[in-house]
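Data block below; observations after.
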Amino acid sequence: MKHLIDIHVVLSTVDDMDHWEEQAEDASERLNTLLHMVYDAADDDIPVPRLENQLQHVWENWREDSYLLDIDLVDLRDWVDHLLATWDDDDSHDL
């Protein structure tokens, strides 16, 4: 049911990434790439709350992560694959 989520509403802006100061634009682009990776890799019939929680998890864990700009796209793809393979909805209440 991922088609019910508009990924563009979830994407970051430079203003969201003020922690990064002069690198805010690059950080925003990288976070948005990661958000798109999660969205694109999710099954089409994923329950909406699960995908929303996964996208929120990305925001909370990567927005200010010092490795956001250093990690390469292959490693990000591996992280996304791991997230989707191990996601437990029961743990999402901790978000």
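Observations
- Residue in region 36-53 that is surrounded by 12 or more Cβ atoms within 10 Å (Cβ to Cβ) and free of Cβ contacts under 8 Å to residues at least 24 places away in the same chain present: no
- Filter pass, residue 69 being assigned to a helix (DSSP H, G or I), surrounded by 11 or more Cβ atoms within 10 Å (Cβ to Cβ) and of a type outside the set (Ser, Thr, Tyr): no
- Filter result (surrounded by 15 or more Cβ atoms within 10 Å (Cβ to Cβ), over 12 Å from the mean Cα position of the chain (by Cα) and without any contact (Cβ under 8 Å) to a residue 24 or more places away in the chain) within region 21-35: 24
- Considering region 1-59, and only residues there that are among the hydrophobic types (A, V, I, L, M, F, W, C) and not in a helix (DSSP H, G or I), the residue that is modelled with the lowest pLDDT turns out to be 1.
- Flag for residue 80 being touching a helix residue (DSSP H, G or I) at 6+ places or on another chain (Cβ under 9 Å) and either among the hydrophobic types (A, V, I, L, M, F, W, C) or part of a loop (DSSP other than H, G, I, E, B) (or both): yes
- Of the set (1) at pLDDT below 95; (2) among the acidic types (Asp, Glu); (3) in contact with a helix residue (DSSP H, G or I) (Cβ under 8 Å, 6 or more places away or on another chain), all apply to residue 94 but (3).
- When residue 59 is tested against (1) among the hydrophobic types (A, V, I, L, M, F, W, C); (2) under 26 Å from residue 89 (Cβ atoms); (3) in contact with a helix residue (DSSP H, G or I) (Cβ under 6 Å, 6 or more places away or on another chain), exactly one condition is not met: (3).
- Residues in region 3-20 that are under 14 Å from the mean Cα position of the chain (by Cα) and more than 12 Å from residue 63 (Cα to Cα): 6 in all.
The values are calculated or read from the model by the stated rules, or taken from the named source; none is laboratory data. Just so we're clear, the structure is a prediction, and the values are computed from it rather than from any experiment. Quick reminder, even Gly has a Cβ in these numbers, built from the backbone with ideal geometry, and neighbours come from all protein chains shown.
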